[in-house]
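Here the structure is laid out as structure tokens; the discussion comes afterwards.
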Amino acid sequence: MNPPAAPPDVSADLLIDALEALSEGIAIYDKDERLVICNARYRELLGAVGDIVEPGMLWQDLIKGCIREGIVAPTTDEGEDWIAESERKRIRFEQETEITQTDGRTFQISYHPTNSGGFVVTREDITERRAAEERVRAHDALLGTIMDTNPTPVVMARVKDGKVLFLSPAARATYGDMEFIGDYYVDPDARAEYIAELKTKGRVQEKIVQAWDTWGGKHTISLSGRLTEYNGERCVVSSVTDLTEQLEREALIRKVVESCPAPVLMNRAATGEILFKSPEVSALFGDGDDTSAFYVNATDRSRFLSTLRQAGEVHEYRARLWNAKGKAIWAAVSARLIRWEGEEVIVSHSRDLSGQLQIEDELSRQREQIFQNEKMSALGSLLAGVAHELNNPLSVVVGHAMMLQDEVTDPDVQRQIGKISDAAERCAKIVKTFLTMARQEPVRMDETDVNDVVQTAVEVARFGDASRGVQIATDLDMTLPRVTADADQITQVIINLILNAEQAIADAETGDLVTVRTDLNPRGQVRISVEDNGPGVPSDIRARVFEPFFTTKDVGQGTGIGLAVCHRIVSAHDGTIRLEPVVPRGARFNVSLPPARPAQADTGPESPSEALAKSARVLVIDDEPDVADLNAEVLERGGFKTCVVYKAEDAFAKLRESTFDAIISDLNMPGVDGRLFFDTIRSEFSEMVPHTGFITGDTMGQSSQRFLKDAARPYIEKPVSPGELRAFVHSLSAGRDGP
């Protein structure tokens, strides 16, 4: 082990500089109680004795010198010998002890031991600090005296329970010595409203309530208060104005306004001339002399005054006002119209709404986002349910159609089977798209040429009746890079955009052209634009076109999910879809997708050999006989040997009787479902775990998702094509997790 590094050398000059920089006096004594070093401040604070303080001086000599020079008395106020008391404090290393010298100055002395047996003394003059504290105590006493003689009723009560902590004599004379402030209120809910306002604003001006007096009489009072801290508890201090006598109210109004901690203003109603304003008004609106200059729009004051004269008072009237910095702000003005010295006078309280409006905007945005998420969640649940119900029958249609194509040779029958197969495949893709919509992720991502996607979408759109009378043109950049995408989904997006454009043109009888372009956008992304010369999208609904269930079409003609589906599909591809107006008329939807990353070499194992496929035995389990039999037939035509059961219990019997190279099972089955089936495989037939996979139409349920994740076994979604099924079983028989 290396020895510890030696501490850095600290020069004597550096130490002296450090001591001299301190505002306190400091001295260091050795184990023999002799002075080693001190700063100039230490000598200065010792007064007349400071001149004899030199290194080597004994501590006892310094104490005796202080007594000799009359700096301290020979004995303390308690009668103890001053030398003995000082020695006791030093031996005990007392800290922050105070002494008062004969000249009235107060010092704070602290003693600290050193490792070498000596000690350090610090000395600080706290005379001014103690004097300031005494002034504060005197001020508090004076304030208490003033409050006791204040003719205005003042009440201080705890916020949490209304316990009365202080009543001015005027308040006690009128309301008595009630223990809890809530007993004063005629309506118990009025205090809760008052406290709520205080917590929101910090202060309240002229809260009108009904209160009981000490004789059981009911009258109207005005509360002006603010929150404060007293003895560590949150309290409210309220001044109470009795409004029963109008003359008394007029006599007190200026005092209330002058002491109010809020932006309170008095001005002549007719001219706007300011009679009084609190400092907060100047801080908020500047030093103007006329309230008319506060308004951004002069007509706003006229409307405000008209409303005030009709009702006598207004609460939270919103207006655009100029603040002290010359910036237009929204403010809320609460005001009352009174008679003062024979003329109409407005007493008002104003507050800046900038922060509140910002919060309201954010809350509105969050509510809208939550609303959209709820609609998308409902849409996802609907699509997942529809897809799940269609999966099994579609599997049968797709499978048999594909197998019939392999069996028949008649061209007419082949053509008819081809149409059935194409329609079934299209339905299957729609179902998988529904599931993708619900999951918010693509089904199959491959490197894709967007120009091929566009040409396919245009051919499909041209085939329908909707394109009659509308020309579909293309302008394709054939040098574009490929993108990583689910080609079927992107095709669906482009078809939907084209059909929407054609529908808009047909409904408005305006326009005749839809143009689909491809190029690179300024960010280097591949862009697909669908532009039309139709009526365009009105500006007031452009922000809502991608909302679920929002549609401008008549009832029965639109579902409101087309553009929502497009938006979700594009977002799942890490892309964007934007709506842009076209001049002089029309609309343009831009779909931007990131280019594909360079492909990496495939180092995975090769597919199983045909010899293995022909000799493999497969156990097929599905509670739908049509689906189970179809899967077995597809596999047998691919060279596999199959055994079909319709219940998991029967599968266990087969596994005990025979050996299999692969097992494919449905997930949701009555009785022993795929989950319990796989638990038994792991416990009784563990050698078959690497050769077990699932075919399911339910990958959206939380239970299914958790099982598939925990089981870590491969699965394919219904409906499946014969080739997909055979490749899946190839991988299982070879013990791989995927084709």
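Only the coordinates and a few stated rules stand behind these numbers; no lab work does. All values derive from a computational prediction rather than experimental measurement. Note that each Cβ is placed from the backbone with ideal geometry, even for glycine, and that neighbours are counted across all protein chains shown.
Model label points for residue 307 and residue 115, set 7 angstrom from Cα along the Cα-to-Cβ axis, are 7.5 nm apart. Residues whose amide H falls under 5 Å from that of residue 715, counting only those 5 or more places apart or on a different chain, are 694, with hydrogens built in the peptide plane. The HN-Hα couplings worked out from phi for the stretch 30-36 by the Karplus form 6.51 cos²θ - 1.76 cosθ + 1.60 (θ = phi - 60°) are 8, 5, 8, 6, 9, 5, 9 Hz, whole numbers, x standing for Gly and Pro. Report note on the peptides 469-482, 639-652: ranked by the mean count of other C-beta atoms within 10 Å, highest first, their order is 639-652, 469-482. Which pairs break 27 Å Cα to Cα here: 277/325; 647/718; 31/89; 641/709? With Cα atoms farther than 27 Å apart: 641/709.
For the peptides 661-669, 169-177, residues were scored by their other Cβ atoms within 10 Å and the scores averaged per peptide; the highest-first order is 661-669, 169-177. For the stretch 278-319, chymotrypsin sites (Phe, Trp or Tyr not before Pro) meeting the loop criterion (DSSP other than H, G, I, E, B) and having at most 14 other Cβ atoms within 10 Å: none.
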